[in-house]
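A.B. asks: Structure provided below as structure tokens; questions to follow.
The values are calculated or read from the model by the stated rules, or taken from the named source; none is laboratory data. Here the structure is a predicted model, which means the values were calculated and not measured. Positions of Cβ are backbone-derived with ideal geometry, glycine not excepted, and every protein chain shown enters the neighbour counts.
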Amino acid sequence: MSKTLLSTINSPADLRALNRDQLTKVAQELRSFIIDVVATKEGHLGASLGVVELTIALHYCFDTPQDLLVWDVGHQAYGHKILTGRRDSFETNRKLNGISGFPKRAESPYDTFGTGHSSTSISAALGMAISSQLKGNFDKQHVAVIGDASIASGMAFEGLNHAGVTKANLLIVLNDNAIGIDPSVGALKSYLTKAKIGQKPPNDNIIEALNFHYEGPVDGHDLPELLKAFEKLRSIKGPKLLHVITKKGKGLKQAEEDQVKYHAPGKFDKTTGEVLPKNNEGLPPKYQDVFGLTLLELAEQDESIVGITPAMPTGSSLKYMMQAFPDRAFDVGIAEQHAVTLAAGMATQGHKVFCAIYSTFLQRAYDQVIHDVALQNLPVIFCIDRAGLVGNDGATHHGVFDLAYLRCIPNLIIAAPADAIELRQLLYTATKNLQQPMAIRYPRGRGKILDWKADFKAIDIGKGRCLREGSELAVLSLGSISSHVSQSINAIGGKFSIAHYDLRFLKPLDQELLESVLEKFKNIITIEDGSIKGGFGDAVLEFAQVKNYQGRTYKMGIPDRFIEHGDTEELYNIAGISSEQIKEKIISILSQS
Ligand SMILES: Cc1ncc(C[n+]2csc(CCOP(=O)(O)OP(=O)(O)O)c2C)c(N)n1
């Protein structure tokens with residue numbers, strides 16, 4: 001078989017040595033390469049397929065890595081990784097010790113800025129461009145590639161607003177495919193979809209109104225057109241935007257047709273494109289579905305209930321309520337800050353607002369949680385999905401900080417269900433005369449309970465429970481890591497007498513229960529799947545200190561460093577909170593006693 005062109009490209013310099021006629025072939029090969037690898041190794045698919053030509057044109061026209069290229073979110077950067085020296089390691093994408101699924105500065109000089117969360121690229125590239133100017137370098141190019149869903153986010157607008165009054169040498173490439181993970185939403189989307197290839201948006205061009213030079217829209221799959229546009233833009237100084245229209249999933253029929261499913265389809269047949277059937281029958285439901293379906297049930301009974309998601313209707317399962325009650329469930333786009341304050345606004349008017357946000361993305365709306373919700377003591381219910389370690393998405397996406405960053409906020413109730421039934425009951429509890437804000441955090445993936453549709457029963461706020469009696473040592477756990485603890489204790493068997501308490505609430509802490517535990521036990525371990533600094537363990541220790549506890553205390557949780565990507569079980573091990581490690585810790589403590 002003849003050598004592929006792709007196999008000769010080890011850096012963009014090799015790409016630039018090709019003549020233009022060869023680039024279409026590179027595009028075909030790059031697309032097939034991505035499909036071949038993602039079909040078996042899994043990962044994000046549609047977004048990278050959509051920017052194959054764009055990626056090639058960018059590295060062909062710009063002098064990367066001297067010119068600086070920033071990918072927004074970064075889930076579309078697979079082609080970029082493959083063309084920048086990571087073709088052979090691409091098989092390790094998102095795996096433990098393999099390359100990251102997102103651009104990462106430590107990984108390559110071509111990854112100029114780490115991403116994972118959206119809408120940062122304009123600010124980052126503008127910062128780079130201003131720095132270049134300050135250093136007297138006026139020729140360096142700074143390019144941000146951003147999708148139509150991400151550019152509608154507040155942070156991106158802040159960047160645009162600033163860039164428009166600078167002379168920074170900044171090019172924004174707007175990759176407009178009319179979809180995020182789910183279809184894009186909002187007025188900006190309606191505006192952008194009026195622009196057709198070769199025909200600017202009609203009337204006042206909002207990009208030009210912000211002092212940008214606007215080019216396009218161009219067909220993002222037409223390589224000669226892209227090259228022409230970049231060559232022109234290279235010599236135009238100041239802020240400029242190229243509007244590129246692409247198709248998410250381009251080149252794989254199924255991915256073009258079902259763009260939501262093929263965002264990250266799991267394993268699929270690379271020839272037919274069909275997703276390999278997963279046998280989910282008989283498996284317990286995902287936590288997100290317990291949330292989405294329970295909320296639907298509650299919303300059917302109570303019309304004051306509303307739901308909000310910032311751009312994750314499918315991922316959060318708010319889609320069930322959106323389908324049934326389109327007027328009462330809102331996808332507000334990638335707008336976490338807006339989502340939280342919108343929830344606060346509705347809560348002032350007596351609605352029971354369930355605001356579903358992934359733990360990692362709630363970080364972006366921290367001030368809104370404090371200033372708009374908690375300070376005014378508004379009974380917004382934060383449904384915090386993907387709490388704990390999330391696996392292959394890695395450091396940018398782990399939901400490990402929420403317990404620590406929420407615990408210091410006055411008025412906020414913080415609950416973490418140990419299982420699907422507790423999640424269901426907490427959601428129900430939140431609909432019963434809640435007088436203050438409440439956060440309910442639950443993990444990615446499936447629980448362990450099949451029969452989760454228990455009759456609704458309110459849970460006493462701030463009350464934990466004893467899962468197992470014992471006398472030598474008490475394990476206090478918060479949230480779904482409780483199942484690891486049970487496994488560990490079961491594995492130890494009858495050798496030691498170990499008690500297990502599920503605290504359920506980080507705030508308010510069950511002081512009565514804790515007091516009885518402190519009185520009874522000489523050894524206490526706290527276990528959480530959140531950061532060891534400032535979370536559940538620290539809350540218990542503070543209480544123990546106040547009570548002048550004289551026994552021994554141990555904390556287990558996510559260590560004070562960023563945890564990279566890998567399978568969740570592997571990461572639990574790295575963090576030191578796998579069932580096996582919990583078991584060893586208990587045995588070592590009790591063996592010394
Ligand atoms: C702050 C934040 N919120 C939510 C997400 C989840 N997310 C990942 S990709 C994506 C859609 C991005 O769409 P778009 O900007 O149009 O880029 P495309 O996928 O089309 O390349 C979303 C919502 C995120 N990464 N960051």
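A.B. asks: One residue is enough: does region 289-298 have a residue meeting the conditions without any contact (Cβ under 8 Å) to a residue 24 or more places away in the chain and touching a strand residue (DSSP E or B) at 6+ places or on another chain (Cβ under 8 Å)?
C.D. replies: Scanning region 289-298 turns up no residue that is without any contact (Cβ under 8 Å) to a residue 24 or more places away in the chain and touching a strand residue (DSSP E or B) at 6+ places or on another chain (Cβ under 8 Å).
A.B. asks: Does region 48-76 hold any residues that are of a type in the set (A, V, I, L, M) and within 17 Å of GLY251 (Cβ to Cβ), and which are they? Walk me through it before giving the result.
C.D. replies: If we filter region 48-76 for residues that are of a type in the set (A, V, I, L, M), which is where we start, we get 49, 51-52, 54, 56-58, 68-70, 73.
Of everything in region 48-76, those that are of a type in the set (A, V, I, L, M) and within 17 Å of GLY251 (Cβ to Cβ) turn out to be LEU49, VAL51, VAL52, LEU54, ILE56, ALA57.
A.B. asks: Residue check, ALA209 against (1) surrounded by fewer than 14 Cβ atoms within 10 Å (Cβ to Cβ); (2) of a type in the set (Gly, Ala, Ser); (3) under 18 Å from ASP63 (Cα atoms), all met but one. Which one?
C.D. replies: The one condition ALA209 does not meet is (3).
A.B. asks: Here's another thing I want to ask about it. Considering every residue within region 289-304, establish whether at least one is of a type outside the set (Asp, Glu), closer than 23 Å to THR360 by Cβ, in a helix (DSSP H, G or I) and within 16 Å of the ligand (Cβ to nearest atom).
C.D. replies: Checked against the condition, which is being of a type outside the set (Asp, Glu), closer than 23 Å to THR360 by Cβ, in a helix (DSSP H, G or I) and within 16 Å of the ligand (Cβ to nearest atom), region 289-304 yields no hits at all.
A.B. asks: Then there's this: Please go through region 333-370 and give me each residue that is under 17 Å from the mean Cα position of the chain (by Cα) and of a type in the set (Ser, Thr, Tyr), ordered by number.
C.D. replies: TYR358, SER359, THR360, TYR366
A.B. asks: Going through ALA187, ALA125 one at a time, which residue ends up being surrounded by 22 or more Cβ atoms within 10 Å (Cβ to Cβ) and out of contact with any helix residue (DSSP H, G or I) (no Cβ under 7 Å at 6 or more places or on another chain)?
C.D. replies: ALA125
A.B. asks: OK, next. Tell me the strands (runs of 3 or more DSSP E) entirely within region 500-593 that contain at least 2 residues that are closer than 18 Å to GLU469 by Cβ.
C.D. replies: Hits in region 500-593: 523-531.
A.B. asks: For region 117-146: of the residues being within 23 Å of LEU54 (Cβ to Cβ) and β-branched (Val, Ile, Thr), which is nearest to the chain's Cα centre (by Cα)?
C.D. replies: Residue satisfying both the conditions and the ranking: THR120.
A.B. asks: Please work out which residue is farthest from ALA418 (Cα to Cα), limiting yourself to region 465-497 and to residues that are buried (at least 22 other Cβ atoms within 10 Å of the Cβ) and of a type in the set (A, V, I, L, M).
C.D. replies: Step by step, filter region 465-497, then rank; the result is LEU473.
A.B. asks: Does LEU174 meet the test of being in contact (Cβ under 8 Å) with a residue 40 or more places away in the chain, part of a helix (DSSP H, G or I), within 16 Å of the ligand (Cβ to nearest atom) and assigned by TED's automatic domain parsing to the domain that holds LEU23?
C.D. replies: No.
A.B. asks: Among the residues of region 138-163, count how many are at pLDDT 95 or above, away from the ligand (no atom under 16 Å from the Cβ), assigned to a loop (DSSP other than H, G, I, E, B) and not basic (Lys, Arg).
C.D. replies: Matching residues across region 138-163 total 1.
A.B. asks: Which is in contact with a Gly (Cβ under 9 Å, 6 or more places away or on another chain) and part of a loop (DSSP other than H, G, I, E, B), of GLN254, GLN259? Show your work before the answer.
C.D. replies: Values: GLN254 fails: part of a loop (DSSP other than H, G, I, E, B).
Among GLN254, GLN259, only GLN259 is in contact with a Gly (Cβ under 9 Å, 6 or more places away or on another chain) and part of a loop (DSSP other than H, G, I, E, B).
A.B. asks: Being closer than 24 Å to ASP455 by Cα, in contact with a Phe, Trp or Tyr (Cβ under 6 Å, 6 or more places away or on another chain) and surrounded by fewer than 24 Cβ atoms within 10 Å (Cβ to Cβ), is that true of even one residue in region 424-431?
C.D. replies: Taking every residue of region 424-431 in turn, at least one turns out to be closer than 24 Å to ASP455 by Cα, in contact with a Phe, Trp or Tyr (Cβ under 6 Å, 6 or more places away or on another chain) and surrounded by fewer than 24 Cβ atoms within 10 Å (Cβ to Cβ).
A.B. asks: For region 551-593, name all the residues that are in contact with a helix residue (DSSP H, G or I) (Cβ under 9 Å, 6 or more places away or on another chain) and hydroxyl-bearing (Ser, Thr, Tyr).
C.D. replies: Within region 551-593, THR553, TYR554, TYR572, SER578, SER579 meet the criteria.
A.B. asks: Separate question: What are the residues in region 30-89 that are part of a helix (DSSP H, G or I) and free of Cβ contacts under 8 Å to residues at least 24 places away in the same chain, if any?
C.D. replies: Passing the criteria: SER32, ARG86.
A.B. asks: Sort out which residues of region 184-203 are within 16 Å of the ligand (Cβ to nearest atom) and either outside any helix (DSSP H, G or I) or touching a Cys at 6+ places or on another chain (Cβ under 8 Å) (or both), and write them in order of number. Quick ask: steps written out before the conclusion?
C.D. replies: If we filter region 184-203 for residues that are within 16 Å of the ligand (Cβ to nearest atom), which is where we start, we get 184-193, 195.
If the condition is that a residue be within 16 Å of the ligand (Cβ to nearest atom) and either outside any helix (DSSP H, G or I) or touching a Cys at 6+ places or on another chain (Cβ under 8 Å) (or both), then SER184, VAL185, GLY186, ALA195 are the ones that fit.
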